[in-house]
1. Can you tell which of D17, D35 is of a type in the set (D, E), in a helix (DSSP H, G or I) and touching a strand residue (DSSP E or B) at 6+ places or on another chain (Cβ under 6 Å)?
2. Write out, first by first residue and then by second, each pair whose Cβ atoms fall under 7 Å of each other, whose residues are 6+ apart or on separate chains, and whose first residue, in the range 84-103, is near the ligand (Cβ under 6 Å from one of its atoms) while the second is among the basic types (K, R) and open to solvent by 10 Å² or more (accessible area, probe 1.4 Å).
3. Scan the range 64-83 residue by residue and report those that are more than 8 Å from the ligand (Cβ to nearest atom), out of contact with any Pro (no Cβ under 7 Å at 6 or more places or on another chain) and hydrophobic (A, V, I, L, M, F, W, C).
4. Would you confirm, using the coordinates I've provided, whether L101 is surrounded by 13 or more Cβ atoms within 10 Å (Cβ to Cβ), part of a helix (DSSP H, G or I) and touching a Leu at 6+ places or on another chain (Cβ under 9 Å)?
5. Could you please find all residues in the range 38-61 being in a strand (DSSP E or B) and closer than 16 Å to V87 by Cα?
6. So, in the range 130-141, how many residues would count as being over 14 Å from A104 (Cβ atoms) and within 13 Å of the ligand (Cβ to nearest atom)?
7. Considering A22, A13, A42, which residue is out of contact with any Phe, Trp or Tyr (no Cβ under 9 Å at 6 or more places or on another chain) and closer than 27 Å to V123 by Cβ?
8. Looking only at the range 33-53, count how many residues are of a type outside the set (K, R), crowded, with 18+ Cβ neighbours inside 10 Å and either more than 13 Å from the ligand (Cβ to nearest atom) or without any contact (Cβ under 8 Å) to a residue 40 or more places away in the chain (or both).
Amino acid sequence: MSQTRVTIRIRLAHVSDANALAVLSAQLGYPADEDVMRARLACVRGERIGEVFVAVDSQDHVLGWTHVVSRVQLEEAPFAELAGLVVDESARSNGVGRALLEAAEGWAREQGIACLRVRSNVVRDRAHRFYLREGYSERKRQVVFIKTL
Ligand SMILES: CC(C)(COP(=O)(O)OP(=O)(O)OC[C@H]1O[C@@H](n2cnc3c(N)ncnc32)[C@H](O)[C@@H]1OP(=O)(O)O)[C@@H](O)C(=O)NCCC(=O)NCCS
């Protein structure tokens, strides 16, 4: 793991982290309450939909989380994708994001996957600088269509 200004440990998310995951999900722009987050984490684990890692401080307080998934699509080789990455507003610029990204990349390598992809809203300038600095390059810009069913 890279050197950081605060002591950071990366571990798998526990069900007991549900409230912290929910609080940080709101900071990401996706509000969810603790019960919803607990159910989603159980689904991720039960269905093996990738992995969820948390970064914690020396007191095991959650500083950030990432959810990484593997994707198999007909038109291209399997790849991994960051379904979410967020660091607590009070903990940013300390290398927490980098540590979580390294955990996601490590998980992908363990699955035999050679490529990690992230889709990031065009308004997230700071996150884009972060990914560029971490060795990612911009592939394309997309438009997302959605229909409520
Ligand atoms: C993008 C995000 C995850 C980055 O997390 P982070 O913990 O701040 O990331 P890092 O600390 O690893 O790197 C970011 C900054 O810290 C600095 N930094 C990185 N490692 C460092 C270290 N060891 N020591 C000192 N500074 C460091 C970098 O220069 C960088 O600066 P800048 O981004 O202000 O230019 C975080 O900003 C975030 O949660 N944003 C809101 C949600 C979001 O946009 N998520 C991405 C969705 S696609």
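1. D17
2. From the range 84-103, the pairs are N94/R5; G95/R5.
3. W65, V68, V69, L74, A77, F79, A80, A83
4. Yes; evaluated as a whole, the condition is true for this residue.
5. V52, F53, V54, A55, V56
6. 3
7. Every option except A22 fails the conditions.
8. Within the range 33-53, residues that are of a type outside the set (K, R), crowded, with 18+ Cβ neighbours inside 10 Å and either more than 13 Å from the ligand (Cβ to nearest atom) or without any contact (Cβ under 8 Å) to a residue 40 or more places away in the chain (or both) number 5.
The values are calculated or read from the model by the stated rules, or taken from the named source; none is laboratory data. Predicted, not measured: the structure shown is a model, and the values here were computed from it. Note: ideal-geometry Cβ built from the backbone for every residue, glycine included; neighbour counts use all protein chains shown. These area figures cover heavy atoms from the full protein model, side chains too; ligands, DNA and RNA do not enter into them. Shrake-Rupley method; radii C 1.70, N 1.55, O 1.52, S 1.80 Å.
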